[in-house]
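Report on the structure given below.
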There are 2 protein chains.
Amino acid sequence: MSEENNIIYVGKKPTMNYVLAVVTQFNTNNVEKIVIKARGKSISKAVDIAEITKNKFMPNAKYADIHITTEKVEGERGESNVSSIEITIAK
Amino acid sequence: MSEENNIIYVGKKPTMNYVLAVVTQFNTNNVEKIVIKARGKSISKAVDIAEITKNKFMPNAKYADIHITTEKVEGERGESNVSSIEITIAK
């Protein structure tokens, strides 16, 4: 699980690992905003992480921004397009 | 593929079927806005549909709204929570 500058990158770990990372960052680093980023199939998990964080742990949090875009990824067979999402949660 | 009142519900069909449904609705019914709705694992596909529609077919379209929420679903084992997304595209 990567964390830098209040950005949580969603990968293959269980959903609750990322939820706890978000809640922990809010509580221990005293940040105001956290961005949850995901690409491709992980986008659904990013939405779960955001919703669980908001509904179960931080009822006063709000979505400051939800942004979707397309990124180019280098793969074995050359460049391909992949959708991505950035969900900004503000406490 | 369900369509009603400019809402496209994303299910198990191939991504391009939904892209074509969105583009067709914009062009033939002359609507100004279309909402792409998806739940659970289909959320990633909804983002793909929105991005392909915008980047390949309707370069002037904009995202009027992106909303995520949690819905309660009745299953065999009782009620469960599922994340959902609504992406509103405006031409």
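The values are calculated or read from the model by the stated rules, or taken from the named source; none is laboratory data. Because the structure is a prediction, the values reported are computed rather than measured. A quick note on method: Cβ atoms are made from the backbone with ideal geometry, for glycine too, and the neighbour counts reach across all protein chains shown. Accessible surface is based on the protein model in full, side chains and every heavy atom, while ligands, DNA and RNA are left aside. Shrake-Rupley method; radii C 1.70, N 1.55, O 1.52, S 1.80 Å.
Side notes on the structure shown:
- Interface size B-A, as summed buried accessible area [1.4 Å probe, Å², nearest 100]: 1400 Å²
- Residues of the range B:51-91 buried by at least 30 Å² on assembly (accessible area, 1.4 Å probe, chain alone as reference): B:GLU51, B:ILE66, B:ILE68, B:THR70, B:SER83
- Here the accessible area of the range B:10-62 is 52 percent carbon and sulfur, with a 1.4 angstrom probe and all protein chains present.
- Label point 7 Å beyond Cα along the C-beta direction, distances from A:GLU86 to other copies (nm, shortest first): 2.5
- Surface accessible to a 1.4 Å probe, per residue, for the residues of the range B:3-90, Å²: 56 Å²
- Solvent-free Debye scattering, log10 I(q)/I(0), computed from the Cα coordinates of chain B at q = 0.16, 0.18, 0.23 Å⁻¹: -0.60, -0.74, -1.13
- Around B:THR53: net Lys/Arg minus Asp/Glu count, Cβ-Cβ under 13 Å: +4
- Of A:LYS45/B:LYS45; A:LYS33/A:LYS72; A:LYS41/B:LYS54; B:LYS37/B:LYS91, pairs whose Cα-Cα distance is over 22 Å: A:LYS33/A:LYS72
- Here A:LYS41 yields copy-to-copy label distances, from shortest upward, of 0.9 nm, the label point defined as 7 Å from Cα along Cα to C-beta.
- Applying the criteria of a DSSP loop state and at most 13 other Cβ atoms within 10 Å to the trypsin sites (Lys or Arg not before Pro) of the range B:43-77 yields B:ARG77.
- A simple rule links phi to the HN-Hα coupling: the Karplus curve 6.51 cos²θ - 1.76 cosθ + 1.60 with θ = phi - 60°, which for the range A:73-82 gives 10, 7, x, 4, 9, x, 6, 9, 9, 9 Hz, with x for Gly and Pro.
- 3J(HN,Hα) along the range A:64-69: 7, 6, 10, 10, 10, 7 Hz, from the Karplus curve 6.51 cos²θ - 1.76 cosθ + 1.60 with θ = phi - 60°, whole Hz, x for Gly and Pro.
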